[in-house]
1. If only one of Gly47, Gly127, Gly108 is closer than 19 Å to Cys175 by Cα and touching a Cys at 6+ places or on another chain (Cβ under 6 Å), which one is it?
2. What are the pairs, 6+ residues apart or on separate chains, where a residue within region 156-173 that is under 17 Å from Thr98 (Cβ atoms) has its Cβ under 8 Å from a residue that is away from ligand 1 (no atom under 16 Å from the Cβ) and assigned to a loop (DSSP other than H, G, I, E, B)?
3. Answer with yes or no whether Leu93 is in contact (Cβ under 8 Å) with a residue 24 or more places away in the chain and either within 16 Å of ligand 2 (Cβ to nearest atom) or open to solvent by less than 40 Å² (accessible area, probe 1.4 Å) (or both).
4. Tally up the residues in region 182-203 that are in a helix (DSSP H, G or I) and not aliphatic (A, V, I, L, M), please.
5. Does region 325-346 hold any residues that are within 12 Å of ligand 2 (Cβ to nearest atom) and open to solvent by 50 Å² or more (accessible area, probe 1.4 Å), and which are they?
6. Looking at the structure I just gave you, is Thr4 polar (S, T, N, Q), closer than 30 Å to Leu284 by Cβ and either surrounded by fewer than 20 Cβ atoms within 10 Å (Cβ to Cβ) or within 11 Å of ligand 1 (Cβ to nearest atom) (or both)?
7. List pairs: first in region 215-238 and of a type in the set (Asp, Glu), second surrounded by fewer than 24 Cβ atoms within 10 Å (Cβ to Cβ), Cβ under 6 Å, 6+ apart or cross-chain?
8. Out of all the residues in region 357-384, which are β-branched (Val, Ile, Thr) and surrounded by 21 or more Cβ atoms within 10 Å (Cβ to Cβ)?
Amino acid sequence: MSNTSQCRVCGGSVDEFFDFGRQPLSDAFLPLDADFEKEFFFRLAVGLCQECTMVQLMEEVPRDRMFHEEYPYVSSGSAYMREHFEGLAKRLLSTELTAEDPFVVELGCNDGVMLKAMAEAGVRHLGVEPSGGVADLAAAKGVRVRKSFFEESAAREIEAEDGRADVIYAANTLCHIPYMQSILAGVRALLKPTGVFVFEDPYLGDIVERSSFDQIYDEHFFFFTARSVQRMAELNGLELVDVERLTVHGGEVRYTLAPAGRRTPSDAVAELLRTERENKLAELATLQGFGASVLKIREDLVALLTRLREEGRTVVGYGATAKSATVTNLCGITPELVSFVCDTTPAKQGRLTPGTHIPVRTPEDFSATYPDYALLFAWNHAEEIMAKEQAFREAGGRWILYVPDVRIV
Ligand code: SAH
Ligand code: TMP
Ligand code: ZN
């Protein structure tokens, strides 16, 4: 508990409140013949900045180890998320992008799930995506992509080539980027004075309320709140002007930032700030309480899986999510407890989960012989998955959930 680090937003002192121990890279699925000795591990721990209240990882993983040609996560894997991003694109087109020849830039456009709609609408756009494989998928959809990390230098190059943007958008990407000063300097350089920077990421309020500790892994560096984002904006010539709570990915907030003094903040900002104050959200005692819930979930989940194994039941994991790396490595869930994990992502199939080396198979392997229990690692897609796997339940199968607590449903 004595560990501290320096805040990546304000330079203040960050107090550690939970240590997940030795963890692998959450998206580094291994080939079957991998040399396990060479697997990369780091210490996953999370802390709270005493000054600006930003919750963040204590240690940074070099970005090239995570985001590269083989980065396996594809955003279009969920039908629900496809709809979510199409809805957002439509809204931006009818609100922020109505001036003549508008220009929208997306950071971390992945396979083009959102920008496809902009391309189809004939709107000038650019996706900035360092992971080559998924960037190619976006290009194949007619999306204009720049294969690079977004940072200040990239922003200046884009501005020189394309001019300033009306909207800069990032979904589940800003929280991935420790070098926040460079990002916000880039946003300032690239955004029109009348423009907005909109980003949506997992919300610390939901993570604490649901004890969804598996949102914490190598790629998720920051855990935002209205308060910490407001402070981060202030320190960088920007202003938090709107917030919107979203239900996707287990609870997120969509933040809108504008150049300082350009727009009047909505009532929603004051309201969310008030709720956070009332809930004592970004206080060390609250976050230590969260840590205690994590330990309880670990104890209960390991006890349940151990009992099921002793009773000769079969358990399969559903969704080889990045989140599942935190759960399986924290709990020591190996193939003895969960025989395989099924997942729709081609780049994960036929490989082993990071750190715990559970085989990843296809959803067809799941339905070929239903297990007695399915441990739902992709709990943020529960509705979509349970609807499509109704036959599993009808065959007597049961789902195991572990947030907010360990339950069989
Ligand atoms: N926006 C998509 C993808 C989220 S995954 C969605 O919401 O589903 C995060 C993405 O951010 C990855 O595709 C990763 O390659 C990308 N990324 C990581 N660092 C980045 C940076 N500095 N600039 C732009 N994209 C980045
Ligand atoms: P996410 O929680 O980061 O969105 O990752 C979800 C993972 O679950 C991703 O690897 C795809 C997988 N998945 C399935 O296997 N089946 C599904 O129906 C859905 C929605 C996701
Ligand atoms: Zn800080």
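1. From the options Gly47, Gly127, Gly108, the qualifying one is Gly127.
2. Pairs that qualify, where the first residue is under 17 Å from Thr98 (Cβ atoms) and the partner is away from ligand 1 (no atom under 16 Å from the Cβ) and assigned to a loop (DSSP other than H, G, I, E, B), are Asp166/Glu96; Asp166/Leu97; Asp166/Ala99; Asp166/Pro102; Val167/Glu96; Val167/Leu97; Val167/Pro102.
3. On the way: in contact (Cβ under 8 Å) with a residue 24 or more places away in the chain: yes; either within 16 Å of ligand 2 (Cβ to nearest atom) or open to solvent by less than 40 Å² (accessible area, probe 1.4 Å) (or both): no.
Against the criterion (in contact (Cβ under 8 Å) with a residue 24 or more places away in the chain and either within 16 Å of ligand 2 (Cβ to nearest atom) or open to solvent by less than 40 Å² (accessible area, probe 1.4 Å) (or both)), Leu93 does not qualify.
4. Step one: of region 182-203, the residues in a helix (DSSP H, G or I) are 182-190.
Checking the rest, the ones that are also not aliphatic (A, V, I, L, M) come to 182, 186, 188.
Going through region 182-203 one residue at a time, the tally reaches 3.
5. Listed by number, the residues that qualify are Thr344, Pro346.
6. On the way: polar (S, T, N, Q): yes; closer than 30 Å to Leu284 by Cβ: yes; either surrounded by fewer than 20 Cβ atoms within 10 Å (Cβ to Cβ) or within 11 Å of ligand 1 (Cβ to nearest atom) (or both): yes.
Against the criterion (polar (S, T, N, Q), closer than 30 Å to Leu284 by Cβ and either surrounded by fewer than 20 Cβ atoms within 10 Å (Cβ to Cβ) or within 11 Å of ligand 1 (Cβ to nearest atom) (or both)), Thr4 qualifies.
7. Short answer, once both residue conditions are applied: Asp218/Leu25; Asp218/Val61; Glu219/Met66; Glu219/His176.
8. Passing the criteria: Ile358, Val360.
The values are calculated or read from the model by the stated rules, or taken from the named source; none is laboratory data. What you are looking at is a predicted structure, and each value in this text was computed from that prediction instead of being measured. Quick reminder, even Gly has a Cβ in these numbers, built from the backbone with ideal geometry, and neighbours come from all protein chains shown. Only protein heavy atoms, including side chains, enter the accessible area calculation; ligands, DNA and RNA are left aside. Shrake-Rupley method; radii C 1.70, N 1.55, O 1.52, S 1.80 Å.
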